[in-house]
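The values are calculated or read from the model by the stated rules, or taken from the named source; none is laboratory data. Quick caveat: nothing in here was measured; it's all calculated off a predicted structure. Heads up, the Cβs are rebuilt from the backbone with ideal geometry, glycines too, and the neighbour counts pull from every protein chain shown.
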Amino acid sequence: MATQVRETFQIPDHVPPELVINVGITESPEFLADPYAFFRKLAETHPPIFYSVGSHGGAWHFLKHDDAFRMLRDAEYFSNEGGTPFPRDPADPFKFIPIEIDPPDHRKYRAILDPVFSPQGIQTLDATIRKLANDLIDEVIDKGGCEFTTAYGRPLPVSIFLDLMGLPQAMRDTFVDWAVGLLHSTTREGMASAFAQIVAYIKQAIAEKTANPDDKVISRIVHGEIDGRQMDEKESFGFVLFLFIAGLDTVFATMNNMWLWLAENPDRRHEIIARMTERPGDMNAITEEMLRMWAVTFSGRTLRKDLELRGVRMKAGDKVMSVLPSCNYDAEVWPNPLAVDFDRVRRPILSFAGGVHSCMGAHLARLEIRIGLEEWLKRIPDFSVKPGTQIEYRPGGVVGPEYLPLEW
Amino acid sequence: MPQVTYVAHGGDRHTVDVPIGENVMRGALYNGIDGIVGECGGGLACATCHCYVEDAWAGRLDAPSEAEVQMLESAASEVKPNSRLSCQIAMTEALDGLVVDLPERQY
């Protein structure tokens with residue numbers, strides 16, 4: 001597997017050579033040709049713990065559900081410091097909040113937004129999400145086809161995000177462009193340009209909400225208190241920017257993956273529609289199983305102390321990465337893991353990671369995706385991928401097709 | 001204001017106010033009571049808000065949903081007939097005085 005390996009990277013001496021398997025997750029040609037086939041292959045054929053070096057350096061890779069939960073839940077051994085591979089200006093460093101904050105402080109940041117993102121908090125968005133979904137469907141339904149990512153997969157979560165943050169809907173297309181530019185650019189310049197624009201906009205939004213509070217997320221962050229003091233500008237910035245990155249690409253990648261499968265599997269689509277009609281409550285289990293099949297991202301940590309797992313000796317300072325999509329294919333947790341089975345016994349999926357840093361947006365994501373499915377399938381029950389389409393994946397930390405031309 | 005008593009695994013009892021409509025998981029989290037984690041925030045996705053409802057109260061709770069029963073199988077501590085996921089227990093007047101025992105561990 002040809003992967004660009006950072007030439008200066010030195011594999012630590014304690015890593016046994018037979019466990020070094022450079023798989024190039026998010027970047028190798030094999031990965032990019034079909035990422036989910038790749039995740040399946042890892043889950044089925046690779047050692048549960050191995051070491052891999054790529055353009056971001058080297059890390060232990062965990063493939064088992066159990067080990068991922070250990071990494072996610074055991075803050076005594078696994079730290080979030082340095083676990084987020086996002087480039088930052090060393091002259092003007094900031095922390096992504098709350099992902100880069102360890103307990104006990106991280107809980108204080110999360111508490112500021114708990115009421116908004118709790119299951120009850122998010123439920124209040126049901127009608128808004130349905131309306132947004134239907135507005136988007138209105139624009140394409142009579143056209144016999146669309147490019148799904150731009151027609152629905154991207155704008156739906158972005159619109160909801162804007163609403164939650166207290167930002168104007170008029171910014172929707174700009175936000176989509178920025179999110180795509182930041183996370184899917186093929187050039188450093190493209191990424192840097194998007195980043196600069198996002199930064200400027202966020203700073204301006206923070207200033208605006210500082211002066212004019214409301215009950216939306218940016219204002220709550222800006223006016224939020226930690227240990228009795230107000231958050232400073234850098235903290236607010238790190239929190240808002242992290243929500244931007246975490247909240248946009250992930251949901252749209254997930255939806256793009258799901259609709260690709262739906263487009264290619266008419267029988268299963270019809271099954272979902274039948275269930276939706278006869279037992280609407282089934283949509284929760286359906287959403288959950290589809291989330292299990294198409295986890296879109298990974299979770300990383302740095303070891304604080306030496307640790308031996310499954311006979312593998314890892315040392316303090318080593319980086320660890322849990323391959324969450326492969327962990328969701330762990331046959332010890334989900335028998336016959338590659339089958340999309342809506343009647344499975346419910347078990348904790350890793351698509352939203354886990355532990356104290358588990359995704360704050362999980363309930364929102366589930367709701368958006370479930371409603372996105374319900375409203376689309378009601379109105380456009382039959383669709384397929386446009387013939388001749390080559391599904392393309394780009395390197396990056398979130399996995400999904402770049403474009404999805406559909407027709408009906 | 002209704003109250004809930006959380007009995008830690010070692011026997012220590014903490015009684016706190018939990019408003020009507022709030023769930024028993026958050027009653028613990030917001031009052032700094034150890035022994036309930038609630039990592040998924042109440043979404044029936046983690047089984048780390050496991051508790052044992054004391055017998056006198058069991059009959060006053062709504063039956064668990066199928067999703068809760070299934071997710072309980074993932075609880076780290078022994079699942080007993082009176083096991084519940086505390087995020088699914090919403091406070092009502094009738095539950096004022098509820099007592100729940102906390103398990104040895106949540107993971």
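The figures follow:
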{"item": "Condition check for A:MET314: among the aliphatic types (A, V, I, L, M) and within 14 Å of chain B (Cβ to nearest Cβ)", "result": "no"}
{"item": "Of all residues making up the range A:151-206, the number that are hydroxyl-bearing (Ser, Thr, Tyr) and in a helix (DSSP H, G or I)", "result": "5"}
{"item": "Of the criteria (1) surrounded by 16 or more Cβ atoms within 10 Å (Cβ to Cβ); (2) within 14 Å of chain B (Cβ to nearest Cβ); (3) among the acidic types (Asp, Glu), which one A:GLU100 fails", "result": "(2)"}
{"item": "Any hit, the range B:94-107, residues being of a type in the set (Asp, Glu) and in contact with a Ser or Thr (Cβ under 8 Å, 6 or more places away or on another chain)", "result": "yes"}
{"item": "So B:LEU29, is it at negative phi, out of contact with any strand residue (DSSP E or B) (no Cβ under 8 Å at 6 or more places or on another chain) and of a type in the set (A, V, I, L, M, F, W, C)", "result": "yes"}
{"item": "Scope the range A:382-403; condition within 25 Å of A:ASP282 (Cβ to Cβ) and either assigned to a helix (DSSP H, G or I) or in contact with a strand residue (DSSP E or B) (Cβ under 9 Å, 6 or more places away or on another chain) (or both); matching residues", "result": "A:PHE383, A:SER384, A:GLY400"}
{"item": "First in the range A:49-73 and closer than 18 Å to A:HIS14 by Cα and within 14 Å of another protein chain (Cβ to nearest Cβ), second anywhere and in a strand (DSSP E or B) and at pLDDT below 95, Cβ under 9 Å, 6 or more apart", "result": "none"}
{"item": "Whichever residue in the range A:352-381 is outside any helix (DSSP H, G or I) and more than 14 Å from every other protein chain (Cβ to nearest Cβ) and, among such residues, is nearest to A:VAL240 (Cα to Cα)", "result": "A:ILE380"}
{"item": "Top-ranked residue of the range A:214-264 - restricted to ones that are more than 24 Å from the chain's Cα centre (by Cα) and among the hydrophobic types (A, V, I, L, M, F, W, C), ranked as surrounded by the fewest Cβ atoms within 10 Å (Cβ to Cβ)", "result": "A:ILE226"}
{"item": "The range A:386-399 - residue that is buried (at least 18 other Cβ atoms within 10 Å of the Cβ) and touching a Pro at 6+ places or on another chain (Cβ under 8 Å) and, of those, nearest to A:ARG130 (Cα to Cα)", "result": "A:VAL399"}
{"item": "Meets criteria (among the aromatic types (Phe, Trp, Tyr), surrounded by fewer than 19 Cβ atoms within 10 Å (Cβ to Cβ) and away from every other protein chain (no Cβ under 14 Å)) for A:TRP294", "result": "no"}
{"item": "Matching option when the condition is surrounded by fewer than 23 Cβ atoms within 10 Å (Cβ to Cβ) and within 13 Å of the chain's Cα centre (by Cα), among A:ARG366, A:ARG344, A:ARG379, A:ARG370", "result": "A:ARG366"}
{"item": "Segments classed as strands (runs of 3 or more DSSP E), wholly inside the range B:1-102, with at least 1 members that are touching a residue at least 40 places away in the same chain (Cβ under 8 Å), within 14 Å of chain A (Cβ to nearest Cβ) and within 13 Å of the chain's Cα centre (by Cα)", "result": "B:50-53, B:83-85"}
{"item": "Which numbered condition A:LEU63 misses (of (1) over 21 Å from the mean Cα position of the chain (by Cα); (2) surrounded by 21 or more Cβ atoms within 10 Å (Cβ to Cβ))", "result": "(1)"}
{"item": "Long-range neighbours under 8 Å by Cβ, at least six apart or interchain, first residue over 16 Å from A:VAL240 (Cα atoms) within the range A:96-114, second assigned to a loop (DSSP other than H, G, I, E, B) and of a type outside the set (Ser, Thr, Tyr)", "result": "A:ASP102/A:ALA75; A:ASP102/A:ASN80; A:ASP102/A:GLU81; A:PRO103/A:ALA75"}
{"item": "Filter pass, A:SER299 being of a type in the set (Ser, Thr, Tyr), crowded, with 21+ Cβ neighbours inside 10 Å, at negative phi and at pLDDT 95 or above", "result": "no"}
{"item": "Hey, A:LEU243 at pLDDT below 95, within 24 Å of A:ALA75 (Cα to Cα) and aliphatic (A, V, I, L, M) or not", "result": "yes"}
{"item": "Residue within the range A:116-123 that is over 30 Å from A:VAL385 (Cα atoms), polar (S, T, N, Q), under 19 Å from the mean Cα position of the chain (by Cα) and surrounded by 21 or more Cβ atoms within 10 Å (Cβ to Cβ) present", "result": "no"}
{"item": "Every residue from the range B:57-76 that is closer than 19 Å to A:PHE69 by Cβ and surrounded by fewer than 17 Cβ atoms within 10 Å (Cβ to Cβ)", "result": "B:GLU73, B:ALA76"}
